Amino acid sequence: MKIIAVDPFYLKMPQITDTADGTQDTLVVRIQTDEGITGWGECDASPLVSLAAYCCPMSHGNIINIRESLIGETFDSVDDVIRLHNKALRNGLDIQQIHHAYSGADIALWDIVGQKLGEPIYRLLEPQSQSHSKLPYASVLFGDTPEETYQIATRLRDQGYRAAKFGWGPMGKFSEENDVALVRAAREGMGEDAQIMIDAGVVWGDDYETAYARTKQFAQFSPTWLEEPLAPDAIEAYMELSKRNPPVPIAAGEGSGTYRMAEDLILHGGIQFVQIDVGRIGGITAAFRVRQLAEQHGIQYVNHTFKSHLILAASLHVFATNESFDLLEYPAEGSELSQRLTVERLEVGSDGKVGLTGKPGLGVHVDTDAMGAYLAPVQIQVGNEIVFKPVEL
């Protein structure tokens, strides 16, 4: 089976705001083969920066774009997917967003191999394995006020969610009292029996003392974790925070743009939950390696997903076979774009959990008609040469 086309598509909502909402735009990648099998993937990064990694002219041997690395390659197996992962990252060694960008291609390649072999991706990662449904936690932003946060939490509880994560917004930007009021509102709105998670949105940088102080204040509300209180690369600060044995477990990892960054957090950061975005770290190939490392060190692996159900499915395949990794970040209130991107959705079942479809490959399919409503055609010209132009969906 030969790769004949690698096409990134920039999709966006009509209006983009500065709200920390990654569903407002996206880069979707389509890979086509000479056997008529098509795979799709998605990146969680600046779409146009990632798109450039697919078409930028070669600068030298360490800056070769992703399309040039893949088109014409023959692949038929899992080993080939891993080989192409290594080839593209090596060829793009000096393209700084190469891991983010390649995530979409990697997911698409896994999708294709799964379709060719008639197996869901999780069974390619672990042959003869079974998938396990996960408890979805609705992933939302804090309201601008505690009162708004309470209303959001109440709505999620009424929708049947037994867990929810509240993040970003005003957390950490005003007083300690306001932070505590936000968490109290989340707890009261969700009820005492639900799980709540708090995402600080890297607001305290490397200030582990303030992060520790907040864990002592938040502990009265029994959150499952405090997520990303510090910057993604503040490894020493995370280590100092962990040495203080905070009363609330610490989660981090969504900012890990490479396997090495995630490895550093696991080995030296002292975190209890590692959260990996399959659309940032280099795709399913890299994310599965992190899952294996987490298992080796007794750390809970959780997906980071604030995009569409395309990337949600890819994320779930990575850890579906580990029954003890039982939480799934579930984008509950994403944009219309993110809700319409796929034909199938990973819906919350009657048991309150979310599982995979069991179909070959990703098990979900892109709705190309819906994509057309959000497509922002891109053309890149260097001198007289057009290096990227729109293609048909």
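Structure notes:
- Just so you know, in the stretch 56-102 the residues that are assigned to a helix (DSSP H, G or I) and touching a Lys or Arg at 6+ places or on another chain (Cβ under 6 Å) include one that is most open to solvent (accessible area, probe 1.4 Å), and it is His100.
- Residues of the stretch 1-17 that are closer than 13 Å to Ser338 by Cβ, open to solvent by 30 Å² or more (accessible area, probe 1.4 Å) and not in a loop (DSSP other than H, G, I, E, B): Lys12 alone.
- Which listed residue, of Thr210, Thr224, Thr258, is touching a residue at least 60 places away in the same chain (Cβ under 8 Å) and more than 23 Å from Thr154 (Cα to Cα): Thr258
- Any hit, the stretch 108-115, residues being acidic (Asp, Glu), in a helix (DSSP H, G or I) and surrounded by fewer than 24 Cβ atoms within 10 Å (Cβ to Cβ): no
- Among the residues making up the stretch 35-55, those that are among the hydrophobic types (A, V, I, L, M, F, W, C) and assigned to a loop (DSSP other than H, G, I, E, B) are Ile37, Ala45.
- Screening Gly363, Gly334 for residues that are in contact with a Ser or Thr (Cβ under 7 Å, 6 or more places away or on another chain), more than 28 Å from Arg157 (Cα to Cα) and either in contact (Cβ under 8 Å) with a residue 40 or more places away in the chain or of a type in the set (A, V, I, L, M) (or both) leaves exactly one candidate, Gly363.
- Yes/no for Ala294 being of a type in the set (Gly, Ala, Ser) and in contact (Cβ under 8 Å) with a residue 40 or more places away in the chain: no
- Cβ-Cβ under 6 Å pairs, at least 6 apart or on other chains, the stretch 370-393 side within 24 Å of His309 (Cβ to Cβ) and in contact (Cβ under 8 Å) with a residue 60 or more places away in the chain, far side open to solvent by 40 Å² or more (accessible area, probe 1.4 Å) and of a type in the set (S, T, N, Q): Leu393/Thr368
- Checked against the criterion of being surrounded by fewer than 24 Cβ atoms within 10 Å (Cβ to Cβ) and among the basic types (Lys, Arg), the candidates Lys307, Lys243 yield just one match: Lys243.
- In the stretch 35-54, the residue that is surrounded by the fewest Cβ atoms within 10 Å (Cβ to Cβ) out of those that are farther than 26 Å from Gln115 by Cβ and in contact with a strand residue (DSSP E or B) (Cβ under 8 Å, 6 or more places away or on another chain) is Leu48.
- Among the residues making up the stretch 255-280, a single one is under 11 Å from Ala294 (Cα atoms), in a loop (DSSP other than H, G, I, E, B) and open to solvent by 40 Å² or more (accessible area, probe 1.4 Å): Gln272.
- Some residue of the stretch 301-318 being outside any helix (DSSP H, G or I), more than 16 Å from the chain's Cα centre (by Cα) and of a type outside the set (Val, Ile, Thr): no
- All positions within the stretch 169-193 that are touching a strand residue (DSSP E or B) at 6+ places or on another chain (Cβ under 8 Å) and among the charged types (D, E, K, R): Arg187
- Number of the condition not met by Ala20 [criteria: (1) at pLDDT 95 or above; (2) within 18 Å of the chain's Cα centre (by Cα); (3) small (Gly, Ala, Ser); (4) not in a strand (DSSP E or B)]: (1)
- Breaking point among (1) at pLDDT 95 or above; (2) farther than 30 Å from Ser77 by Cα, for Pro331: (1)
- Leu141 vs. criteria over 20 Å from Glu188 (Cβ atoms) and open to solvent by 10 Å² or more (accessible area, probe 1.4 Å): no
- Of residues in the stretch 325-347 being open to solvent by 60 Å² or more (accessible area, probe 1.4 Å) and outside any helix (DSSP H, G or I), the one farthest from Leu109 (Cα to Cα): Glu333
- Test result for Val28, among the hydrophobic types (A, V, I, L, M, F, W, C) and buried (at least 19 other Cβ atoms within 10 Å of the Cβ): yes
- Close Cβ contacts (under 6 Å, 6 or more residues apart or on different chains) running from residues in the stretch 76-97 that are in contact (Cβ under 8 Å) with a residue 60 or more places away in the chain to residues that are crowded, with 20+ Cβ neighbours inside 10 Å and acidic (Asp, Glu) comprise His85/Asp106.
The values are calculated or read from the model by the stated rules, or taken from the named source; none is laboratory data. Everything numeric in this text was worked out from a predicted model, so none of it was measured. All Cβ positions, glycine included, derive from the backbone under ideal geometry; neighbour counts span all protein chains shown. With ligands, DNA and RNA removed, areas are computed over all heavy atoms of the protein, side chains included. Shrake-Rupley method; radii C 1.70, N 1.55, O 1.52, S 1.80 Å.
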